[in-house]
1. Note the direction-averaged projected area, equal to a quarter of the hull surface, for the Cα convex hull of the range 106-240, in nm².
2. Taking θ = phi - 60°, what integer Hz values does the Karplus form 6.51 cos²θ - 1.76 cosθ + 1.60 yield along the range 327-338, in sequence order, with x for Gly and Pro?
3. Expressed in nm to one decimal, what extension gain is obtained for the pair S6 and H333 from 0.36 nm per residue of sequence separation less their Cα-Cα distance?
4. Once amide H atoms are built 1.01 Å from N in the peptide plane, which residues 5 or more positions from T174, or in another chain, come under 5 Å H to H?
5. What nm value, rounded to one decimal, do you get for the distance between A194 and E210 when each label is placed 7 Å out toward the C-beta?
6. Kirkwood Rh, the chain, all Cα pairs: how many Å?
7. Would you mind getting the accessible area per residue of the chain, heavy atoms of the protein chains only, 1.4 Å probe, in Å²?
8. Between the alpha-carbon centers of the range 86-115 and the range 140-170, tell me the distance in whole angstrom.
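The values are calculated or read from the model by the stated rules, or taken from the named source; none is laboratory data. Predicted model only: the values in this text are computed from it and were never measured. Because the Cβ atoms are built from the backbone with ideal geometry, glycine has one as well, and the counts that use them run over all protein chains shown. The protein model used for the area step is the full one, side chains on, heavy atoms only, and it has no ligands, DNA or RNA in it. Shrake-Rupley method; radii C 1.70, N 1.55, O 1.52, S 1.80 Å.
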Amino acid sequence: MTLFDSPAFEGHEGVHAFFDEKSGLKCIIAVHSTARGPAAGGCRMWPFPSADAALEDALRLSRAMSYKNAMADLDLGGGKAVIIGDSRTQKTPVLFEAFGRAVEEVGGKYWTAEDVGVSPADLMHARKTTRYVAGLTGHDAASGDPSPVTAEGVFRGIALGVRRALNRDLDGVTVAIQGVGHVGAYLADKLHAAGAKLVITDVNEEALREVAERTGARVVAPGAIFDAEAEVFAPCALGGAINADTLPRLRAKVIAGGANNQLADLEIGRAVYEHGMLYLPDYVINGGGIINVAGEIRAIARGEAFDPAWVETKLARLMQTLDEILDLSKTEHRPTHEVANEIAKARISGAAEKRAAA
Ligand code: NAD
């Protein structure tokens, strides 16, 4: 299949591939839409098995960013960058300087930030060579690590889902968390403080041990998390956690987590609905991080300091939107992801029409 025939490519404004011999950088920047404003989305570093796999991920993630940014009511479009490489062994300052040059070449149509495998410290190197980078520390407009805000949104979303599906609060509810990295670890702390019981897994044993020590969580092997006795399943690792193999094993009533692209495909989302499980659309529940990043882009554009109150207002509004999606799903007897996709697409095409008319 060529790029233009790939279903994931559909609707993309541009896809940019970069290779830098000196640093070994191989990266793809996908710009899905700039209808609502410059595309914004994090940069992921991962040892993809092939360039095709990296491209597919970049395309899927960039479209999800368009939907996410529209849902959070941000003046931003959707894009994503992927760097092919192992973040544990292949990160160097020159690699991120080369990545910054790649971002700069896209000419302001794409703003980058952190994602899996990329930290604010890495982005400080990219900042030497591009203006279009947010999620940083150490300057007035800087918003810092977005993960705590992402986790806060996921935490509020889980509380909402539990209230709706189980008619109770989080005290005593068991939540199974897949992945206790940046988002998963903050989420675990918040859930523990709210009285939830935790079952956790990760392929990183050190992260697992630290979170288990802090929260008293029960640790299971990565493959066993799908069989855990839990009311809530919270995917916080990589995409595709909900698929034809895992869905029949899940006992949870609520699926709500921080990971992007949790559903392997749209059909599995319908199957989740038909199984009577409440799925909180990933790009809505995990929008806190990009709201935080948007706060930095906004502050840079206005020449002002970062304003956490603006972030909280947007996050609170996003949680209302999530509640409205769950309402519509219930009254119209439709899966939550279908309702969310429809709202996001309408917001993006509305902006595109407005721009075309201007
Ligand atoms: P992270 O890399 O810090 O954490 C991911 C964790 O998942 C790691 O600890 C990793 O070891 C673990 N993991 C990987 N494969 C696994 C597997 N098969 N089983 C169990 N654990 C596995 O990344 P993060 O920043 O916490 O992001 C987690 C997810 O949330 C990603 O999908 C990311 O795209 C999404 N997300 C993150 C943010 C944010 O603010 N960081 C915002 C929105 C969405």
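1. Values: hull surface 39.9 nm².
Orientation-averaged projected area of the Cα hull: 10.0 nm².
2. For the range 327-338, the Karplus curve yields 4, 4, 4, 5, 6, 9, 6, 10, x, 4, 6, 5 Hz.
3. 114.6 nm
4. K197, E231, V232
5. That separation, rounded to one decimal, is 2.3 nm.
6. One over the average 1/r among Cα pairs gives 20.4 Å for the chain.
7. On the way: 15320 Å² over 358 residues.
That works out to 43 Å² for each residue.
8. 28
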